[in-house]
Structures are given as structure tokens and as C-alpha cells.
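Everything on this sheet refers to the single structure shown next.
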Amino acid sequence: MSKKKVVLAYSGGLDTTFCAVYLSKEKDFEIHAVTVDTGGFTKEEINGIEKRALEIGATSYTCINAVDDFYDQCIKYLIYGNVLKNNTYPLSVSAERIFQALAIAKYAQKINADAVAHGSTGAGNDQVRFDMAFNILIPKAEIITPIRELKLSRQEEIDYLKKYGVEMNFEKAAYSINKGIWGTSVGGKETLTSDKYLPETAFPSQLKKQEPENITLHFEKGQLVGLNDQTYTAAKAIAKLNELASLFAIGRDIHVGDTIIGIKGRVGFEAAAPLVVIKAHHTLEKHTLTKWQLYWKDQMSTWYGNWLHEGQFLDPVMRNIEKFLEDTQQFVTGKVFVTLVPYGFKINGIDSTHDLMSAKFGSYGEMNNSWTGDDVKGFAKIFGNQVAIYNAVNKIEH
């Protein structure tokens, strides 16, 4: 009999390394390891991941670059919507999971695999995101999740790999690191509690710059297209900004939220570029969009982010909301001036030909050029007329 052909979503970290060894040693499967790069790996890292995958039992190794798809189909809408889960988390990992699942499913179809495997535990969101995508895209493929099925702790995984002589930096492996263009998540023993913060060493970027640095972000129709007067593609602009901002250890925090499976969860993250981009973009929108555009964007964006976070990217309603978000960006063009400082940043202001604070119409709190005092008196009377009638009819005293 031929071996069962399994496509393993393989990042090279502790969980997926355990899966590769376990499926090879205990199940004797034909393992095809696939790394889906959403902007989190260098060429040297990919070479190292490939080497390890083949050493621990994989029949083949493939790296699929999904950065452009991830940006074009997802990240730009998160920017349009200024999406921060619970006003904190830029969906650094939850957003990229669907694109990893899409690539894995497509590859499984390509090689006619019998099954797909991933390293999710039984307590987090990723198990639902991956399983749901695979059920929709490749419903006939078996889904194998060794860590979830065996209910293993990270220490038990480490002990198992040591037994088979697998060499890793197990001290570093004590933290679950997921890195991509839209940020890095960091999970460890501290995030399993409600009262502890992650140690400095757990974050991938360390503070290297102390002196404040002024930078300029260039937006065109809501997309970041330049940095400090240098033009880039949007994805490369984000990567370049991350290089600059991560030197200041910007974008660290811990997100607390409701998981898909109904329990509360904490996860640390480092997202220098995403936080700067979102805050800069939002500031530009405050100057260029109307009150009700901003209001409805907030409502739609919050819902969009929540549904994406829960793995429902393939729901057609998401395409409907994306069209709305994109339409709002017609005049979100201009420069945003930012100062980077250790562990933070400040938005100084914007410059845009579409700035609705245009002085030719007046200056807030100072003067106006478009109406008279009598105009305001009449407007104030009419604007409050219904409430005045309500109070008079009902004889309400305040």
C-alpha cells in the first residue's frame, strides 16, 4: 500500500516541527511540508526551514509567497477600515491565517493529497480558521491535528522532540512566534495568565534607537505608497516602515479578546508598521472624509474586522463591505507627518489638497467666511426645533 499523502502547514516552529516528526515517526505518512510566506521570513530563514523539514522526515518542501495576495485581498481593507480589534490589535496573525489556508488547500489539490495537517492546539482560534477553510475549499481531504488530538503542552512537545534528537533553540521555542508583514504575535506562559506581561526578550525586535526621528508617510486613495519622498509598492512601503519603526520597539502590546470557541484569550504582539499606518491613515481620513462617512466606516469596519478575526473571510458579505470601504477612499490622499520615539510615536499632522479644514471656508473657533451670525441663529433654532416642541408639549422641566 502507498503511504497516505499529507500536506503539512509548516512554519519551522515548535508546533509544526512536532507535527512533522510525529506524522513521520508514528504514522509513517508521506509528508509534504509547505511554508506560506506572508511577509515574515528572510531568504536565510526559509533555507533553514527547508533544511530542517527534510531532515526530520518530510518528503518534500515548498515555500509559497503569498505577500501580494495578502496585501491586495486583505491588508489594504484593514487599512481602509483602520481595523484594530478591541481598539488594540491589528489582526496581525488572524488576518493572515486564511491566506495560509488558501495556499495550503490549493497545493493539496495540486498534488492530490489525501489529507492536510496543521499544528493548532485545541484551545485557540487557529484550529477553527484552518479547519473551516479546509472544509469549504477541500471538503474531501482529511484534517489532521496531532497536538489538538493528543492534548499536548509545549513542554511535552519539547520532550518528544528531544527524545528523537531534534535540535532547536528550545528556550526560544517556549514562546510561540508568528511573524508576517502585518505584525508578529507572541504567545508564552505569561499570556496564559491575566496578570503578567511578556519579558523584553520575548519580542523579536529590541530597542536600538533613542533619538526621535521624523518621517513622512505618503497615501494615495487610502494606500501607503511612499515613505520620506521615496515611492514604493504598498507592501514594500509597509516593510520599509517596519524596518524604521521596529528600531524604536514600537507597536508592542497584549491583546485580550473573546476567542471563536467562547473563552477569553491573551496574546502579545509587535506590530510597528501596522499601528503607525493605521493611526496615520485614520488621521488623514479625519481631515478628508465627512462626518457620516467616518461614522459608517467605523460601524462597517468593526464588523468586518470581527468577522475576519473569526475566520469568515470567504463569506460573500465581506466582498460587499470591501466595496464600500474602497469607495470611501477616493479622496484619502496626502502626506502624514509622524515622529518615532522609543516605544511609541506621535502624529504631527497632515498635508492634503482634499483637507476639509481648508482656510477659505473659515477657521474653527476663530472666524468664518461662509455664513453670518443671523444664519447661525436661524440654523440653531431649526436644528433644535423638534426637541423644543417635545419639551413644550410634555411640560418637561430641566
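The values are calculated or read from the model by the stated rules, or taken from the named source; none is laboratory data. Keep in mind it's a predicted model, so treat the numbers as computed, not measured. Neighbour counts run over all protein chains shown; Cβ positions are idealised from the backbone, glycine included. For accessibility, only protein heavy atoms count, side chains too; no ligands or nucleic acids. Shrake-Rupley method; radii C 1.70, N 1.55, O 1.52, S 1.80 Å.
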- Query: Can we say Ala123 is open to solvent by 20 Å² or more (accessible area, probe 1.4 Å), modelled with pLDDT under 95 and of a type in the set (A, V, I, L, M, F, W, C)?
  - Reply: yes
- Residue that is most open to solvent (accessible area, probe 1.4 Å), among those in region 329-345 that are within 21 Å of the chain's Cα centre (by Cα) and of a type outside the set (A, V, I, L, M, F, W, C): Tyr343
- Could you please let me know if Asp37 is within 24 Å of Gly180 (Cβ to Cβ) and modelled with pLDDT under 95? no
- Task: Find the residue count for region 73-117, including only residues that are more than 19 Å from Gly257 (Cβ to Cβ), in contact with a Gly (Cβ under 8 Å, 6 or more places away or on another chain) and crowded, with 23+ Cβ neighbours inside 10 Å.
- Result: 2
- Item | Single match in Gly311, Gly305 (criterion: small (Gly, Ala, Ser) and either open to solvent by 10 Å² or more (accessible area, probe 1.4 Å) or not in a helix (DSSP H, G or I) (or both)) | Gly311
- Lys335 part of a helix (DSSP H, G or I), modelled with pLDDT of 95 or more and within 30 Å of Leu227 (Cα to Cα): no
- Query: Cβ-Cβ below 7 Å, separation at least six or inter-chain, first residue in region 1-15 and touching a residue at least 60 places away in the same chain (Cβ under 8 Å) and over 18 Å from Lys172 (Cα atoms), second of a type in the set (Ser, Thr, Tyr) and open to solvent by 30 Å² or more (accessible area, probe 1.4 Å): which pairs?
  - Reply: Val7/Tyr107
- Message: Condition first: within 21 Å of the chain's Cα centre (by Cα), surrounded by fewer than 18 Cβ atoms within 10 Å (Cβ to Cβ), acidic (Asp, Glu) and in a helix (DSSP H, G or I). Can you find one or more residues in region 255-262 that meet it?
- Response: no
- Message: Checking Lys240 against (1) touching a Leu at 6+ places or on another chain (Cβ under 7 Å); (2) open to solvent by 50 Å² or more (accessible area, probe 1.4 Å); (3) of a type outside the set (A, V, I, L, M); (4) assigned to a loop (DSSP other than H, G, I, E, B), only one condition comes out false. Which one?
- Response: (4)
- Regarding Val267, is this residue within 19 Å of Gly39 (Cβ to Cβ) and open to solvent by less than 10 Å² (accessible area, probe 1.4 Å)? no
- Note on the structure: Log entry, pairs with first residue in region 292-309 being hydroxyl-bearing (Ser, Thr, Tyr), second being in a helix (DSSP H, G or I), beta carbons closer than 6 Å, six or more apart or on different chains, reads Tyr304/Ile321
- Message: Just the residues that are at pLDDT below 95 and closer than 28 Å to Thr283 by Cβ, please, taken from region 181-194.
- Response: Thr184, Ser185, Val186
- Item | Whichever residue in region 195-236 is modelled with pLDDT under 95 and of a type in the set (S, T, N, Q) and, among such residues, is surrounded by the most Cβ atoms within 10 Å (Cβ to Cβ) | Ser205
- If you go through region 6-21 one residue at a time, do you hit one that is modelled with pLDDT of 95 or more and open to solvent by 40 Å² or more (accessible area, probe 1.4 Å)? no
